[in-house]
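A short write-up of the structure that comes next.
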Amino acid sequence: ENQAICKNSILVASGKSHMTVQAKGSVLHAMEGGSEKVNGHCPSVDILFNSISELKECYVAGALLTGMGKDGARGLLKIKNSGGLTIAQDEMSSAIYGMPKEAKEIDAPQIIMDIEKLSRLFVSFSS
């Protein structure tokens, strides 16, 4: 709850509540976002991505990687529609091509690439 998001850090959502991101001045904070299941999940990627799409003071990006189901697809589309960058893992490098496939079917990702290229892209964001 209310944890500042630092450069080059990874945050993992609690298994008990959704994670949202809010801007407090120029600092982004990870916040708890309720516990009602969305798409059958808590935490839900859609809840996280929806909150990220609403950030107006920074350029945002969302990446949807391998996984089962459709959670995250609509949130990724919301990021795209708000002007952010959207990325999905390709089918060949996905262990389970459920979530990225759902995103692709609704035209949410602007970039689709394999996990190795995604890894290099993520590293380039930090420099």
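Derivation of every value follows stated rules applied to the coordinates shown; laboratory data play no part. What you see is a predicted model; the values in this text were computed from it and never measured. All Cβ positions, even for glycine, are placed from backbone atoms using ideal geometry, and neighbour counts span all protein chains on display.
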Which loop-located GluC sites (Glu not before Pro) does the range 1-104 contain, where loop means any DSSP state but H, G, I, E or B and the Cβ has at most 10 other Cβ atoms within 10 Å? Glu1, Glu36, Glu57
For the chain, with a Gaussian network of springs between Cα atoms less than 10 Å apart, report the residue from Leu85, Leu65, Leu11 with the top mean-square fluctuation. Leu11
If the chain between Asn81 and Ile115 were fully extended at 0.36 nm per residue, the gain over the current Cα-Cα distance would be 9.8 nm
Dipole in debye (nearest 20) - the range 1-117, about Cα centre, beta carbon charges: Lys, Arg +1; Asp, Glu -1: 200
Take the cross-link list Lys16/Lys117; Lys80/Lys104; Lys24/Lys70; Lys16/Lys80 and give me the ones stretching past 24 Å between alpha-carbons. Lys16/Lys117; Lys24/Lys70; Lys16/Lys80
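State which stretch of the chain is the longest one without any exposed trypsin sites (Lys or Arg not before Pro), exposure meaning a DSSP loop state and at most 15 other Cβ atoms within 10 Å.
Numbers: sites that count: Lys7, Lys16, Lys37, Lys56.
That gives 57-127 as the longest site-free run.
Please report, to one decimal in angstroms, the Kirkwood hydrodynamic radius of the range 58-127 built from all distinct Cα-Cα pairs.
Final number for the Kirkwood radius of the range 58-127 is 11.8 Å.
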5 angstrom amide H check on Ala61, placed H, neighbours 5+ away: Leu85
At q = 0.21, 0.30 Å⁻¹, what is the log10 ratio I(q)/I(0) for the range 7-57, with the Debye formula run over Cα points and no solvent? -0.73, -1.19
